[in-house]
1. Can you tell me which condition G235 does not meet? The list is (1) modelled with pLDDT under 85; (2) farther than 18 Å from F102 by Cβ; (3) not acidic (D, E), and all the others hold.
2. Which count do you get for residues in the range 186-225 that are buried (at least 16 other Cβ atoms within 10 Å of the Cβ), assigned to a loop (DSSP other than H, G, I, E, B) and in contact (Cβ under 8 Å) with a residue 60 or more places away in the chain?
3. Look through V275, V269, V291 and report the one residue that is in the same structural domain as V352 (by TED's automatic domain parsing), assigned to a strand (DSSP E or B) and at pLDDT 75 or above.
4. Which of the residues spanning the range 172-185 are surrounded by fewer than 15 Cβ atoms within 10 Å (Cβ to Cβ) and outside any loop (DSSP other than H, G, I, E, B)?
5. Just to verify a result, which residue in the range 294-319, among those that are in contact with a Pro (Cβ under 9 Å, 6 or more places away or on another chain) and modelled with pLDDT under 70, is farthest from A363 (Cα to Cα)?
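The values are calculated or read from the model by the stated rules, or taken from the named source; none is laboratory data. This is a predicted model, so every value here is computed, not measured. Glycine also receives a Cβ, built like all others from the backbone with ideal geometry; neighbour counts cover every protein chain displayed.
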Amino acid sequence: MEVSTAMIRLLRLILPIFALLAVPAHAERVKDLGAFQGVRPNQLTGYGIVVGLAGTGDDSIEYATQGMKGVVSRFGLTLPQNINPSLKNAAAVLVTADLPAFSKPGQRLDVTVSALGKAKSLRGGTLIMTPLRGADNEIYAMAQGNLAVGGLGVSGADGSQVSVNIPSAGRIPEGATVERAVATGFDTAPSLTFNLAEADLTTALRVADGINRTFGDRRARAVDAVSVTIDATPGAEQRILMMGMIENIEITPADAPARVIVNARTGTVVINGAVKIHPAAVAHGKLTVSVNESPQIVQPAPFSQGQTAVQQSSNISIDQEKKPMVNFKGGASLADIVKAVNAIGASPADMVAILEALKQAGAMKAELVVL
């Protein structure tokens with residue numbers, strides 16, 4: 001039987017819709033759940049000097065002076081040992097940057113420059129060529145350039161000051177040049193390891209199953225709650241192809257464990273949707289006792305032998321705020337908890353006490369985390 005052209009067009013429209021419906025509702029890409037071991041950024045740090053400041057530098061701080069002597073020595077200029085120049089137009093700074101994975105020599109990096117001493121502002125300054133070192137103390141980049149400072153600081157002769165944002169720190173967009181690449185070793189290692197951002201045994205198993213279904217073999221296996229080991233053939237080209245395919249696999253992560261987060265300093269309470277309440281009854285009330293003292297002066301009659309005295313007068317009142325008792329049915333959800341707490345008018349501090357009592361009574365099976 002021949003299929004008409006109209007039917008073919010209809011199938012072309014319907015098939016993509018079924019493909020979208022086949023994707024789980026809460027599916028996420030593997031690349032959003034973690035990263036491959038070794039494929040990560042590296043932190044770089046350097047010590048440098050910013051010059052060209054309008055009198056807002058470090059003045060005569062010793063380490064700034066030593067830094068300036070080191071800078072000028074590169075150009076064959078030697079300052080006398082007994083002379084410490086007043087560096088009001090220069091400041092000692094720390095320079096930081098992140099070196100992304102697979103960065104190659106010649107690529108540019110953004111750097112952050114922060115004053116190390118008592119410099120008031122870095123606005124208008126220029127960073128002199130500064131080597132940036134990694135954790136192994138090797139130089140991986142060189143930084144230099146004009147600072148972009150978002151803050152502003154102004155001071156008067158009488159000592160008054162006005163500061164907007166932080167003028168003692170700034171950035172240099174593309175202010176560093178990569179001089180050395182970091183070897184990741186992903187192309188020579190016997191296997192690849194994918195690490196989850198959050199440890200979860202169920203999610204690790206689902207990632208391994210998703211990889212095995214995609215490639216049709218048993219190359220992936222979960223070794224613990226974080227790591228999934230993947231067998232791979234040697235060679236950068238083959239591994240890059242496989243890693244790209246793995247990153248775009250969609251799986252459904254495991255639901256988060258039941259957890260209640262309490263910030264004791266701010267009174268913030270966060271309850272995730274996995275928290276369930278077993279049958280329980282909660283009564284919440286407040287008892288206020290007030291004691292008001294109203295002393296009175298007692299004056300004796302004229303021409304009598306009495307003396308002026310103070311007569312104490314106390315007024316005690318008790319105010320008990322009555323709240324209804326709330327009955328939590330078995331399997332109460334997050335919406336039920338919020339509705340019940342609002343009904344009894346509990347404040348965040350009272351809510352923490354209620355949740356702790358529910359957990360102690362065994363009616364709430366959830367982890368209670370106090371920050």
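1. (2)
2. Qualifying residue count for the region: 1.
3. Numbers: V275 fails: assigned to a strand (DSSP E or B); V291 fails: at pLDDT 75 or above.
None of the other options fit; the residue is V269.
4. Those that are surrounded by fewer than 15 Cβ atoms within 10 Å (Cβ to Cβ) and outside any loop (DSSP other than H, G, I, E, B): P173, E174.
5. The selected residue is G306.
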